[in-house]
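Novice: My questions all concern the structure below.
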Amino acid sequence: MSLLNVGARALLANQAALQTAGHNIANVSTPGYSRQSVVLQTVQGQFTGGGYIGKGVDVQTIQRNHSELLTRQSTAASAVDAGDTARMDRLRQLQEVFSGGTSGIGASINDMMNALSDVVSAPTDLTARSVALTRMDETAARMRDASQRLDEIGYTVAEQLKGSMLTVNSLAKNIAGVNEQIARAQGNGQPANDLLDQRDQLIRELNQHIQTSQVAADDGTVSVFVAGSQPLVLGSKAATLSIDDPADFGAGSGKKVLNFQQPGSSTKVELNESMLGGGQVAGLLRFQNNDLAEGRNLLGRMAVAISETMNSQNKLGLTLDGKPGENLFAPISLGNAVRSNFNTSTAATTMALTVTDPTALQASSYTISFTTADTGSITRQSDGKVFSFDDSTPSPPNTTTMADFFSTQGLSVVPTAPPNAPVAGDQFMINPLQGSAAELKAVQYSPVNLAAANPVNAAMGPANMGSLQLVSLKATGPITQPATGSPVTITFQAGSPATYSASLPGAPPTIVSGNYVSGEKISIDGWEITLSGSPKDNDTVTVGNATDPQYGDWYQRDTGNASALMALRDVPMFDGATLSDGFASAMAQVGTRTQSAQFAAELSSSIAANLERDRTAVSGVNLDEEAARLIQYQQAYQASAKMIQIAQNIFDTLIQGLGR
């Protein structure tokens, strides 16, 4: 009987080994499956006078070949890889908006500015004027198209985030359900291998969307945490994540945040974006809140600068019919500051925004925080720099007012006056540029309305004895045009240095005087004149209204203001880049971000692949090994069966002998 028992145990043990090897082979392509192996143990032998006689073998357990360390490292690395890849893919789409070539925005800006050269060459040519206005309309259209494409990218990201939230919440519930099954199975003393694999795979899938950390409990369950400490899964209960507008500035901030909600609670906790780590959600949020915001700011800054500078210059000139120029583009409204929902004041809801210097605009948003009604700080979102301000009266020495700071940013921000002024603790967000490109629209289509001529004309005195020559004359604004028939006369006196003086109409008249230097500008009342040569005593230059009959129709052939419009292309405007090079500068900024993101994605992908390879080396199924084990276990099974057969024959012989 002992021999029969030994054979039966061996038969069952090898049958279990064969079944386990078959299970491994069947699941060779199952995601997350860990190779299993039978652990055998010797049955305690029976003592006899001649020693211990073995009683065979038993199956101790079915072992799961698994490394907790490698699994966690691989899961975390894949989360970082997913976040970097998601951000890189979206940045490539953003880079396509800021692309070069003949169909890009940069080419249209250069075409627009270059078209003005034909107007300078032939100011009365209506075709040249029409082409210039058409180029302006085309530039505005490309700006609006680029803005729309950015909105489409933003919409796609928002929809992807919503889809990720549905997946994350579903995976969290599934992990909680598997936790419950594992806790129940834990009572039999043997590991639920397939359930453990299922849970690990669910956690890996979850980390593709948001990076987590895990803590194992004594009952076999695993708690899953996000953002460092928020429990997404505790035992058999799962929390909920959602993408929402920030609680402070809401939709007006242009940002999105990840909110956490405990099961059974109505309170949402806003998670810190910097604590999210990897995962597609973290990568998309970084793109939405930083990269896409910068793209919108860069595009909006270009639109506002083009609109403001060209409108201002065109309004300084005269049209072909002698009227003052008007806006070439529809004025872009910067709107108001966004009020924080946590502000304690009830009436401080607006802050008027206007552009004071288009060349100083920064591609950034700003957050204003009041520590008192008159003092506080301003955070520039593009680089995170914080600037203090003090608007108290009188202001302490060596302090900066809010108006002083924003003037360096090319803006005027005017808070609401008392009694509706902000109070301590109030916060405001300023997004002056993000939607500006969508508003850029050309409004002049008649070639007559291009203000190519200067509003003033200059003539050298007929009795001049010196060598004065007119180099240039242009309006700089704001201008007070000399009245018809009442030109402004500039009188020069020779000497070392030479001097000039002019009497401007008024009661009493205003006297403007200074030293004259050949080739240097003389600025008077919104216009500037440049002369060369040396004057003699009482040499004069008269500057009068360009439409004065004494000048005839000269203003129609004058191109002083068209030249000034064309000269805007060389004005430093975008962090030192000129108007003509501004788009190239924006392309470089977006391209640098994309290149950096691509490098990060390639690095994290390599690390994730290496760690997954190490994990698979421990847990993966090798078909060659399993085939070899099948032969081994088959032979052992056959030997065990033979042992039982022999034991049966011996037993039969014994029975037959006793029967005689």
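The values are calculated or read from the model by the stated rules, or taken from the named source; none is laboratory data. Please read all numbers here as calculations on a predicted model, not as lab measurements. Positions of Cβ are generated from backbone atoms using ideal geometry, with glycine treated the same way; all protein chains shown enter the neighbour counts.
Novice: Is one or more of the residues making up region 162-171 in a helix (DSSP H, G or I), more than 30 Å from R569 (Cβ to Cβ), of a type outside the set (V, I, T) and in contact with an Asp or Glu (Cβ under 7 Å, 6 or more places away or on another chain)?
Specialist: Checked against the condition, which is being in a helix (DSSP H, G or I), more than 30 Å from R569 (Cβ to Cβ), of a type outside the set (V, I, T) and in contact with an Asp or Glu (Cβ under 7 Å, 6 or more places away or on another chain), region 162-171 yields at least one hit.
Novice: Exactly one condition in (1) crowded, with 16+ Cβ neighbours inside 10 Å; (2) touching a Gly at 6+ places or on another chain (Cβ under 8 Å) is not met by G100; state its number.
Specialist: (1)
Novice: Which of the residues that make up region 611-626 are part of a helix (DSSP H, G or I) and touching a residue at least 40 places away in the same chain (Cβ under 8 Å)?
Specialist: Selection gives L611, E612, D614, R615, V618, S619, L623, E626.
Novice: Taking strands (runs of 3 or more DSSP E) that do not extend beyond region 1-69, which have at least 2 residues that are more than 60 Å from the chain's Cα centre (by Cα) and over 25 Å from G189 (Cα atoms)?
Specialist: On the way: elements: 36-42, 46-48, 51-53, 57-64.
Once the strands (runs of 3 or more DSSP E) in region 1-69 are filtered for at least 2 residues that are more than 60 Å from the chain's Cα centre (by Cα) and over 25 Å from G189 (Cα atoms), what remains is 46-48, 51-53.
Novice: Do the conditions hold for D357, that is, is it assigned by TED's automatic domain parsing to the domain that holds A373 and within 30 Å of G526 (Cα to Cα)?
Specialist: So D357 fits the description; yes.
Novice: Now for a different question. S147 versus (1) under 29 Å from R35 (Cα atoms); (2) within 29 Å of the chain's Cα centre (by Cα): which is the lone unmet condition?
Specialist: (1)
Novice: Checking the structure you have, find out if any residue of region 246-264 is in contact with a strand residue (DSSP E or B) (Cβ under 6 Å, 6 or more places away or on another chain), modelled with pLDDT under 90, within 16 Å of L285 (Cβ to Cβ) and of a type outside the set (A, V, I, L, M, F, W, C).
Specialist: Scanning region 246-264, I find at least one residue that is in contact with a strand residue (DSSP E or B) (Cβ under 6 Å, 6 or more places away or on another chain), modelled with pLDDT under 90, within 16 Å of L285 (Cβ to Cβ) and of a type outside the set (A, V, I, L, M, F, W, C), so the answer is yes.
Novice: Looking only at strands (runs of 3 or more DSSP E) that lie completely in region 405-517, which have at least 3 residues being of a type in the set (G, A, S) and outside the structural domain of D390 (by TED's automatic domain parsing)?
Specialist: 498-504
Novice: Would you pick out the residues in region 214-224 that are surrounded by fewer than 17 Cβ atoms within 10 Å (Cβ to Cβ) and not in a loop (DSSP other than H, G, I, E, B)?
Specialist: Result: V215, A216.
Novice: Would you confirm whether or not region 69-84 contains a residue that is acidic (D, E) and surrounded by fewer than 15 Cβ atoms within 10 Å (Cβ to Cβ)?
Specialist: no
Novice: Take the conditions modelled with pLDDT under 90, part of a helix (DSSP H, G or I) and either surrounded by 13 or more Cβ atoms within 10 Å (Cβ to Cβ) or of a type in the set (S, T, N, Q) (or both) and apply them to A608. Does it pass?
Specialist: On the way: modelled with pLDDT under 90: no; part of a helix (DSSP H, G or I): yes; either surrounded by 13 or more Cβ atoms within 10 Å (Cβ to Cβ) or of a type in the set (S, T, N, Q) (or both): yes.
So A608 fails the test.
Novice: Name the single residue that is modelled with the lowest pLDDT among those in region 225-245 being farther than 15 Å from A172 by Cβ and surrounded by fewer than 16 Cβ atoms within 10 Å (Cβ to Cβ).
Specialist: G228
Novice: Go through the residues of region 174-187 one by one and say whether even a single one is under 28 Å from N289 (Cα atoms) and buried (at least 16 other Cβ atoms within 10 Å of the Cβ).
Specialist: No; the residues of region 174-187 include none that is under 28 Å from N289 (Cα atoms) and buried (at least 16 other Cβ atoms within 10 Å of the Cβ).
Novice: Evaluate region 147-158: report whether one residue or more is farther than 24 Å from E273 by Cα, surrounded by fewer than 16 Cβ atoms within 10 Å (Cβ to Cβ) and assigned by TED's automatic domain parsing to the domain that holds D84.
Specialist: Taking region 147-158 and keeping what is farther than 24 Å from E273 by Cα, we get 147-149.
Narrowing further to those that are surrounded by fewer than 16 Cβ atoms within 10 Å (Cβ to Cβ): 148.
Those still in the list that are assigned by TED's automatic domain parsing to the domain that holds D84 too: 148.
Checked region 147-158: at least one residue is farther than 24 Å from E273 by Cα, surrounded by fewer than 16 Cβ atoms within 10 Å (Cβ to Cβ) and assigned by TED's automatic domain parsing to the domain that holds D84.
Novice: What residue, of G154, G177, is in contact (Cβ under 8 Å) with a residue 60 or more places away in the chain and part of a helix (DSSP H, G or I)?
Specialist: Just one listed residue meets the conditions, G154.
Novice: Let me ask something additional. For the structure I just gave you, tell me whether V131 is without any contact (Cβ under 8 Å) to a residue 24 or more places away in the chain, outside any strand (DSSP E or B) and hydrophobic (A, V, I, L, M, F, W, C).
Specialist: Yes.
Novice: Any chance region 559-573 includes a residue that's surrounded by fewer than 14 Cβ atoms within 10 Å (Cβ to Cβ) and small (G, A, S)?
Specialist: There is no residue in region 559-573 that is surrounded by fewer than 14 Cβ atoms within 10 Å (Cβ to Cβ) and small (G, A, S).
Novice: Go through the residues of region 278-293 one by one and say whether even a single one is at negative phi, buried (at least 18 other Cβ atoms within 10 Å of the Cβ) and in a loop (DSSP other than H, G, I, E, B).
Specialist: yes
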